[in-house]
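Read through the structure below, which is laid out as structure tokens, and then see the notes.
The values are calculated or read from the model by the stated rules, or taken from the named source; none is laboratory data. Everything numeric here is computed off the predicted structure, so don't read it as measured data. All Cβ positions, glycine included, derive from the backbone under ideal geometry; neighbour counts span all protein chains shown. The protein model used for the area step is the full one, side chains on, heavy atoms only, and it has no ligands, DNA or RNA in it. Shrake-Rupley method; radii C 1.70, N 1.55, O 1.52, S 1.80 Å.
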Amino acid sequence: MRGGQGKPLLSVRDFKVEYRTGAGATVQAVRGVDLDLYPGESLALVGESGCGKTTFGLGLLRLLPRLGHASGKVMFNRGDGTEIDVLGLDGRDLRHFRWRDAAMVFQGAMNAFNPVLKIRAHMHDTMRAHTKATRQEIEERAGELLRLVRLEPERVMDCYPHELSGGMRQRVLIAMSLLLDPEVLILDEPTTALDILTQRSIVDVLHEVRERLGFSMIFISHDLSLAAELADRVATMYAGRLVETGGVRDLFYRPRHPYTLGLIKAVPPIVGDLPDLESIPGGPPSLAALPKGCTFSPRCKFVTDECKEAEPPLIPITDEEGSAHDVACIHSKDVHLDRSVPNEKLGTAS
Amino acid sequence: MSALEEAPVAETRTPLMTLDGVSQVFDTKAGPIRAVDGINLSVNPGEVLCLVGESGSGKTTAARMAAGLARPTSGRVAFDGTDIWSMKRNDFGAFRRSVQYVHQDPYASLNPTRTIQQTITAPLLKHGVVKGSKAAAEKAVELLTKVDLTPAENFLPKYPHQLSGGQRQRVAVARALTLDPKLIIADESTSMLDVSIRISVLAMLGRLRDDLGVGFLFITHDLAIAKYFGWNGKTAVMYLGRIVEFGPTPKIINAPTHPYTRALIDAIPEPDPDLTKTKGRETLRSLEIPSLAHLPGGCSFHPRCPQFEDGLCDGVVPELVEVRSGQSAACHVVARDGAGEVRPDEPVA
């Protein structure tokens, strides 16, 4: 039922990330995540800011800042059957893992480029650092990928990053991340801060490129609508842990964790009349002072005394509708999304 | 009753704020940039006018002119029927107090070295709304309660860095309320907030509109937010400095006529996997927004428009004309063919 087929490409177990915050103190930003990513799958990681989504993505690629420390087990399964322990890699092997096996597209494309290098130099540097490709081969590969993301290589290759619009930069970054044909692409808020039509073009490009090249992706987003569109499977993250994972339809139509339910009910749809929206009271807890028991309990409307005793584990559930997914909530049976069908006439709107 | 019938009809009272043929031209090395090009807008007391468009469409420039922060190159900005740029000093001061601005970034718009109490009471004391620091503190408590920061006494001694983004934005709104404004200009005021709290801030603003009768010029790039906040008001869609479609919000969202508005609405993903994957979408002819320094001739949307007709669209700039009752669009094709067939997702009146 876990969406994919065969062996997982990326298998994450009890993954934790700690940041040192000075004077021997640490803060756990990711607190034990178990996750499998299957070949060809698109997984969305959703949640509010400060839930540990970006830290999780950086941790997977070993890109954490110096004060961050990742532990647990991350196994990457190369197509030829070799298994790699990502957290144990160093030197050449780590460089091989990054870009060739897994690549990342960062939020805020401007910061991901060197402002004094042209796009051509970025492409060549990346390829030369990881392969023995000739100039000619690099030009061809870069041109092919730029065309794939609907850019004209002749125009873009000789530009400096600042000469491109935000949407173009983001597409160049996607093309660059695919230069070495990675199996896994991690995208951190790939469309945030872009205009609607530009965002649409990025989404369409991602659909197309994934269909052509067949990589798996994990994309991190606070935008649930984007997850609904791009993901096969969705994982909701709260206070450094996954609280619900499941197929995109299961999660959106039958969320069983109060947090996922709250997120869905807070997003205004564009089509149809005005539905009742609700926000989640309060904000995510400070990671340095987590509430006892279920970390969501102070904001949860299903809360009982029992919730404050222990943090519920992520366990598989099946309900009468045949929906199966994993939820970390002792009241998941009571959580139901009562959604009015979009397009349906609601009579009065107020 | 359907949503479309509920749209407010034209009122006869004096609008609170009118922009009449207002333009803003910036001189740059690349030549003059027409950031806003002859727009007409009006906001009635207690009404919401949403201004939507992509970045660079001139939304913020229009808002700055409405707030009296920038002087239009041409055209007239009137408050309560009086041209603000011919007002006497005292009247201009009164206008400035009546129109308050809530910025996008609550991390930048609050002074980090002032406590919330200092931030809120400064305008109260400066403009003589209350006398003495005790009365000012009481008024501050009242204002913080209005924006749902309760218990207000706990927030008074705090500094902005001790608050969350949503709480900060509420403080910014409370500060805007200190001088009893008649119009609040909210420029992308919720776009930096997390989805989970955005709705509660919008609901709070909606309550101020209903309880205090404050008018809103609500600027956003997010049509879903415009829909939620401005459902009973009107929406103007801007593209490259001009208004391309205007009408009651439910009509703009559910029955858009201008190809640009349609493209925007189609482009937005829905929080519903089946719906968002089956939503019909027309392909634009070009992804790139033309530069304001080199606007295409005729309709400035024509290089991207899926309904482009050679000879019709690239000649003259289309006028904003009524294409359906209460709804106007600036499009040669729509003006010629009428507002067109009812879209499948359009509620039938």
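Suppose the filter is open to solvent by 40 Å² or more (accessible area, probe 1.4 Å), touching a strand residue (DSSP E or B) at 6+ places or on another chain (Cβ under 9 Å) and among the basic types (Lys, Arg); does A:Lys53 pass it? Break it down stepwise before answering.
Working: open to solvent by 40 Å² or more (accessible area, probe 1.4 Å): no; touching a strand residue (DSSP E or B) at 6+ places or on another chain (Cβ under 9 Å): yes; among the basic types (Lys, Arg): yes.
The answer is no for A:Lys53.
Each row is one residue, and each column tells you yes or no for (1) under 23 Å from B:Arg64 (Cα atoms); (2) in a loop (DSSP other than H, G, I, E, B); (3) modelled with pLDDT under 95.
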site: B:Leu193; (1), (2), (3): yes, yes, yes
site: B:Ala203; (1), (2), (3): no, no, yes
site: B:Leu208; (1), (2), (3): yes, no, yes
site: B:Ala226; (1), (2), (3): yes, no, yes
site: B:Ala236; (1), (2), (3): yes, no, no
site: B:Val244; (1), (2), (3): yes, no, no
site: B:Ile253; (1), (2), (3): no, no, yes
site: B:Glu270; (1), (2), (3): no, yes, yes
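Got a sec? Which of B:Gly46, B:Gly38 is at positive phi, touching a Ser or Thr at 6+ places or on another chain (Cβ under 9 Å) and not in a helix (DSSP H, G or I)? Sole residue among the options that is at positive phi, touching a Ser or Thr at 6+ places or on another chain (Cβ under 9 Å) and not in a helix (DSSP H, G or I): B:Gly38. On the basis of being within 14 Å of another protein chain (Cβ to nearest Cβ) and among the aliphatic types (A, V, I, L, M), does B:Ala267 make the cut? Criteria met by B:Ala267. Looking at region A:144-171, I want the residues that are of a type in the set (Phe, Trp, Tyr) and have a partner that is in a helix (DSSP H, G or I) with Cβ atoms under 9 Å, at least 6 apart or on another chain. Which pairs are those? So the pair list comes out as A:Tyr160/A:Ile119.
Looking at region A:253-293, which of the residues that are of a type in the set (Val, Ile, Thr) and facing chain B (nearest Cβ under 9 Å) is farthest from the chain's Cα centre (by Cα)? Steps first, please.
In the first step, residues of region A:253-293 are kept if they are of a type in the set (Val, Ile, Thr); the result is A:260, A:264, A:267, A:270-271, A:280.
Applying the additional criterion that residues be facing chain B (nearest Cβ under 9 Å) yields A:264, A:267, A:270-271, A:280.
Working: A:Ile264: 17, A:Val267: 18, A:Ile270: 24, A:Val271: 26, A:Ile280: 22 Å.
This residue is A:Val271.
Candidates are the residues of region B:270-314 that are at the interface with chain A (Cβ under 8 Å from one of its Cβ atoms) and surrounded by fewer than 16 Cβ atoms within 10 Å (Cβ to Cβ); the one that is nearest to B:Gly56 (Cα to Cα) is B:Glu288. Of the helices (runs of 4 or more DSSP H) entirely within region A:96-173, those holding at least 2 residues that are more than 14 Å from every other protein chain (Cβ to nearest Cβ), closer than 20 Å to B:Ser286 by Cα and open to solvent by less than 20 Å² (accessible area, probe 1.4 Å) occupy A:135-148. Just so you know, in region A:211-223 the residues that are at pLDDT 90 or above and either closer than 23 Å to B:Met192 by Cα or open to solvent by less than 10 Å² (accessible area, probe 1.4 Å) (or both) include one that is nearest to the other protein chains (Cβ to nearest Cβ), and it is A:Ser221. Close contacts from region A:100-117, counting a first residue that is within 11 Å of A:Leu185 (Cα to Cα) and of a type in the set (D, E, K, R) and a second that is open to solvent by 70 Å² or more (accessible area, probe 1.4 Å) and modelled with pLDDT under 90, with Cβ to Cβ under 6 Å and a gap of 6+ residues or different chains, come to none at all. Quick check: anything in region B:80-95 open to solvent by 40 Å² or more (accessible area, probe 1.4 Å) and of a type in the set (Phe, Trp, Tyr)? There is at least one residue in region B:80-95 that is open to solvent by 40 Å² or more (accessible area, probe 1.4 Å) and of a type in the set (Phe, Trp, Tyr).
Scanning region B:330-349 for residues that are modelled with pLDDT under 50 and open to solvent by less than 30 Å² (accessible area, probe 1.4 Å), we see that the one that is farthest from the other protein chains (Cβ to nearest Cβ) is B:Glu346. Scanning region B:171-185 for residues that are open to solvent by 10 Å² or more (accessible area, probe 1.4 Å) and touching a Phe, Trp or Tyr at 6+ places or on another chain (Cβ under 9 Å) returns a single hit, B:Lys182. Among the residues of region A:294-306, those that are part of a loop (DSSP other than H, G, I, E, B) and either in contact with a strand residue (DSSP E or B) (Cβ under 6 Å, 6 or more places away or on another chain) or more than 14 Å from every other protein chain (Cβ to nearest Cβ) (or both) comprise A:Cys294, A:Thr295, A:Phe296, A:Phe302, A:Val303, A:Thr304.
Within region A:239-263, the only residue that satisfies the criterion of being surrounded by fewer than 24 Cβ atoms within 10 Å (Cβ to Cβ) and hydroxyl-bearing (Ser, Thr, Tyr) is A:Tyr253.
Residue-wise test of (1) free of Cβ contacts under 8 Å to residues at least 12 places away in the same chain; (2) among the acidic types (Asp, Glu); (3) over 24 Å from A:Ser225 (Cβ atoms).
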{"position": "A:Leu263", "(1), (2), (3)": "no, no, no"}
{"position": "A:Asp273", "(1), (2), (3)": "no, yes, no"}
{"position": "A:Gly293", "(1), (2), (3)": "no, no, yes"}
{"position": "A:Lys301", "(1), (2), (3)": "no, no, no"}
{"position": "A:Lys308", "(1), (2), (3)": "no, no, yes"}
{"position": "A:Glu311", "(1), (2), (3)": "no, yes, yes"}
{"position": "A:Leu314", "(1), (2), (3)": "no, no, yes"}
{"position": "A:Asp326", "(1), (2), (3)": "no, yes, no"}
{"position": "A:Cys329", "(1), (2), (3)": "no, no, no"}
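In region A:264-303, of all residues being farther than 27 Å from B:Trp231 by Cα and charged (D, E, K, R), the one that is least open to solvent (accessible area, probe 1.4 Å) corresponds to A:Arg299.
You will find that of A:Leu197, A:Leu230, A:Leu226, the residue that is open to solvent by 10 Å² or more (accessible area, probe 1.4 Å), within 12 Å of chain B (Cβ to nearest Cβ) and either free of Cβ contacts under 8 Å to residues at least 40 places away in the same chain or under 23 Å from A:Leu9 (Cβ atoms) (or both) is A:Leu197 and no other.
So which helices (runs of 4 or more DSSP H) stay within region B:75-143 end to end and still have 2 or more residues that are hydroxyl-bearing (Ser, Thr, Tyr)? Before you say what the answer is, go through the steps one by one.
On the way: elements: B:89-98, B:106-109, B:116-126.
Filter on region B:75-143 gives B:106-109, B:116-126.
B:Ile253: within 14 Å of chain A (Cβ to nearest Cβ) and under 14 Å from the mean Cα position of the chain (by Cα), yes or no?
Details: within 14 Å of chain A (Cβ to nearest Cβ): yes; under 14 Å from the mean Cα position of the chain (by Cα): no.
The answer is no for B:Ile253.
I'm trying to understand the selection: among the residues of region A:71-94, which are part of a helix (DSSP H, G or I) and more than 22 Å from the chain's Cα centre (by Cα)? Correct list: A:Gly88, A:Gly91, A:Arg92, A:Asp93. What do you reckon, is A:Ala310 closer than 20 Å to A:Arg31 by Cα and either at pLDDT below 90 or part of a loop (DSSP other than H, G, I, E, B) (or both)? So A:Ala310 passes the test.
Against the test of being farther than 21 Å from A:Leu63 by Cα and either part of a loop (DSSP other than H, G, I, E, B) or of a type in the set (Gly, Ala, Ser) (or both), the options A:Leu194, A:Leu180, A:Leu206 yield a single qualifying residue, A:Leu194.
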